[in-house]
Amino acid sequence: RPAAAQQLVARYSSLLERDFRSNRAVADYAEALGVTPTHLTRVCRASCGKSAHQLLDDRLHFEARRLLTETRMPIKHVAEMLGFNSPGYFTRAFQKNAGMTPSAFRKKPAGPVVPRA
């Protein structure tokens with residue numbers, strides 16, 4: 001049922017936008033939506049080409065890049081604000097996604113950001 005799948009993804013997207021800083025796992029979002037994490041991932045992948053976890057990661061990393069670009073907030077505060085357990089974990093996750101550390105990202109000239117696949 002394509003309409004039901006699109007509705008579920010839209011509801012997931014709304015929850016993500018509202019709660020992405022909360023350090024909630026995909027399982028928490030799935031429970032709030034009344035579905036299993038596997039079903040949520042399957043529907044997201046069919047509708048968007050990405051898993052529910054990838055969509056969550058994308059939203060977190062988009063916000064991280066925004067905060068690093070638009071604020072002078074210390075990196076450890078960016079990590080805390082986004083729900084990462086430690087600045088080191090945030091740095092590793094950011095580097096995996098962006099191909100550089102948060103410090104290097106902040107120092108580079110402004111330009112388009114292309115996340116790693």
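Just need a number here: residues in the range 86-107 that are outside any helix (DSSP H, G or I) and either within 15 Å of the chain's Cα centre (by Cα) or more than 21 Å from ALA25 (Cβ to Cβ) (or both). Give the derivation first.
To start, the set of residues in the range 86-107 that are outside any helix (DSSP H, G or I) comprises 86, 99-101.
Filter again for either within 15 Å of the chain's Cα centre (by Cα) or more than 21 Å from ALA25 (Cβ to Cβ) (or both), leaving 99-101.
Adding up the residues that qualify gives 3.
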Anything in the range 53-85 that is under 18 Å from ALA25 (Cβ atoms), among the hydrophobic types (A, V, I, L, M, F, W, C) and not in a helix (DSSP H, G or I)? List them, or say none.
LEU82, PHE84
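Quick one: in the range 53-70, of everything that is free of Cβ contacts under 8 Å to residues at least 40 places away in the same chain and under 21 Å from ARG18 (Cβ atoms), which residue is surrounded by the most Cβ atoms within 10 Å (Cβ to Cβ)?
Pass one, the range 53-70, residues free of Cβ contacts under 8 Å to residues at least 40 places away in the same chain: 53-54, 62, 64, 66-68, 70.
So of that shortlist, the ones also under 21 Å from ARG18 (Cβ atoms) come out as 53-54, 62, 64, 66-67, 70.
Numbers: HIS53: 16, GLN54: 15, PHE62: 14, ALA64: 23, ARG66: 12, LEU67: 19, GLU70: 8.
The qualifying residue surrounded by the most Cβ atoms within 10 Å (Cβ to Cβ) is ALA64.
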Could you please give the count of residues in the range 16-45 that are part of a helix (DSSP H, G or I), of a type outside the set (Lys, Arg) and either within 12 Å of the chain's Cα centre (by Cα) or modelled with pLDDT under 95 (or both)?
6
Residue count for the range 28-47, restricted to those that are of a type outside the set (Val, Ile, Thr) and open to solvent by less than 50 Å² (accessible area, probe 1.4 Å):
5
For the range 79-98, which positions are surrounded by 15 or more Cβ atoms within 10 Å (Cβ to Cβ), out of contact with any Ser or Thr (no Cβ under 8 Å at 6 or more places or on another chain) and of a type in the set (S, T, N, Q)?
ASN97
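Please find, within the range 1-26, the residue that is surrounded by the most Cβ atoms within 10 Å (Cβ to Cβ) out of those that are farther than 20 Å from HIS61 by Cβ and in contact with a helix residue (DSSP H, G or I) (Cβ under 8 Å, 6 or more places away or on another chain).
Within the range 1-26, the subset farther than 20 Å from HIS61 by Cβ is 1-8, 10-11.
If we keep only those that are in contact with a helix residue (DSSP H, G or I) (Cβ under 8 Å, 6 or more places away or on another chain) too, we end up with 5-6, 8, 11.
Working: ALA5: 15, GLN6: 13, LEU8: 20, ARG11: 16.
Among those that are farther than 20 Å from HIS61 by Cβ and in contact with a helix residue (DSSP H, G or I) (Cβ under 8 Å, 6 or more places away or on another chain), it is LEU8.
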Could you pull out the residue among LYS107, LYS50, LYS76 that is surrounded by 15 or more Cβ atoms within 10 Å (Cβ to Cβ) and free of Cβ contacts under 8 Å to residues at least 60 places away in the same chain?
LYS76
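The values are calculated or read from the model by the stated rules, or taken from the named source; none is laboratory data. Everything quoted here is computed from the prediction, not taken from an experiment. Using ideal geometry, Cβ is built from the backbone for each residue, glycine included, and neighbour counts are taken over all protein chains shown. The accessibility values were calculated without ligands, DNA or RNA, using every heavy atom of the protein model including side chains. Shrake-Rupley method; radii C 1.70, N 1.55, O 1.52, S 1.80 Å.
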